[in-house]
Amino acid sequence: MPDNYPDSKAAGKLANLRVTVKKIQQPVLITEQQILDKYKVTSIDELKVKVKELQNKEFMGLSQILLRARLLNQLDKMLDYDLPKQLLKSEYAVVRQNVLAALKDNNNNNNGIKVALDKSSDQDIEQYCQFVATRRVRIGLFVLHYADKKNITVTNEEKNMLLLQYLNKGKEEANAIMRAYNNNLRWLSNSIAMEAKEIKVINHILENEVQIIEEPCTSDEIEGFADEISKDMGLSFTDDASYKRKY
């Protein structure tokens, strides 16, 4: 077994593995024409161009997400003021409920919380929930103040579009969202409105108040940036699904 195998009792040791074959599937060969038809192109050269465009679009989307996350991390470090205790308590309750639900969810392969916190002690989980709740309240108050100062508002159409983005991700995720808010539509609506306002505030800051320097990078470098941001948010992920945390 690999030296970095998660189970320390088996790591670096010889093992006899008993395997039961339940099903054997033969690979389905896809013809060149089927591939061209799938992507609605007429030649391999045209397909290469389209794949490149899709990759660039995906990388641009990811880089925008990382850019916003990095800005939020910087704001979190810069902002320093007392937080309303009741607001902090309410946000902590929501965060804790969502984290505990994520830890119990075995159906979501992209469950980052479960990957990072699955081996944590109860104390570590409570610390993380407190960390996230404090960060959300701190940034949330800034967003409200900044939006009021710059007269940034959110329309019903913008809120509905954001809600549809969540619900269109899949039935499981839609159900998880409703469970997270105890099927309280008013609470969910307020949360969506706040997130939509945060998005507009962050976009306004990026467009008007910071200097953005574009630099070429590889997919591996983007993953490195993502890990750097995760550390600032209290989590760090590695290839072997181990983790470390910084508070």
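The values are calculated or read from the model by the stated rules, or taken from the named source; none is laboratory data. This one's a predicted model, so the numbers in the text were calculated from it and none came from an experiment. Here the Cβ is made from the backbone with ideal geometry for all residues, glycine too, and neighbour counts use every protein chain on show.
Does I212 qualify as being among the hydrophobic types (A, V, I, L, M, F, W, C) and at pLDDT 80 or above?
So I212 passes the test.
Hey, L167 hits all of (1) surrounded by 11 or more Cβ atoms within 10 Å (Cβ to Cβ); (2) at pLDDT 80 or above but one; which does it fall short on?
(2)
How do the helices (runs of 4 or more DSSP H) wholly within the range 1-115 filter down when requiring 3 or more residues that are without any contact (Cβ under 8 Å) to a residue 60 or more places away in the chain and over 27 Å from the mean Cα position of the chain (by Cα): which remain?
Filter on the range 1-115 gives 32-38, 44-78.
Report, ordered by the first and then the second residue, all pairs with beta carbons closer than 6 Å, sequence separation of six or more or different chains, a first member in the range 193-217 that is closer than 17 Å to A147 by Cβ, and a second member that is of a type in the set (F, W, Y).
V201/Y146
Name the residues in the range 128-156 that are in a helix (DSSP H, G or I) and more than 22 Å from S189 (Cβ to Cβ), would you?
Matches in the range 128-156: Y128, C129, Q130, F131, T134, R135, R138, K149.
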